[in-house]
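Here is the structure we will look at.
Bear in mind that the values in this text are calculations on the coordinates, not laboratory data. Since this is a predicted model, take the numbers as computed values, not measurements. Virtual Cβ from ideal backbone geometry, glycine too; neighbours counted across all protein chains shown.
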Amino acid sequence: MIPSTHRLLQTIGDEKIKTKLAVSNNELIKECDNMLKDIVKDVQDIKNEIKEILELVKKKEDRDMNKWW
């Protein structure tokens, strides 16, 4: 094989590999982005649940304090 042709085929092969890796990386980035969005949503849900629990505890404490007076 002629050296320049060999190098051309290597370059084409390298570009195909780079393209496949770039596509694969983009898919992984999208997957990670979706996972992060899910985590943020879950954390917000937990935060809201904690707020609700704290409100209930406060109401109960207020009721308990009213019993003493």
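Overview of results
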{"item": "Selected from I12, L54, A22, residue furthest toward positive end of dipole (the chain; charges at beta carbon)", "result": "I12"}
{"item": "Segment T19-E55, length gained on full extension (0.36 nm per residue, minus Cα span)", "result": "7.6 nm"}
{"item": "Crossing angle, helix 3-68 versus the chain [Cα axis fit, 0-90 degrees, rounded to tens]", "result": "0"}
{"item": "Potential lengthening between V43 and D62 on full extension [0.36 nm per residue; Cα-Cα distance subtracted]", "result": "4.0 nm"}
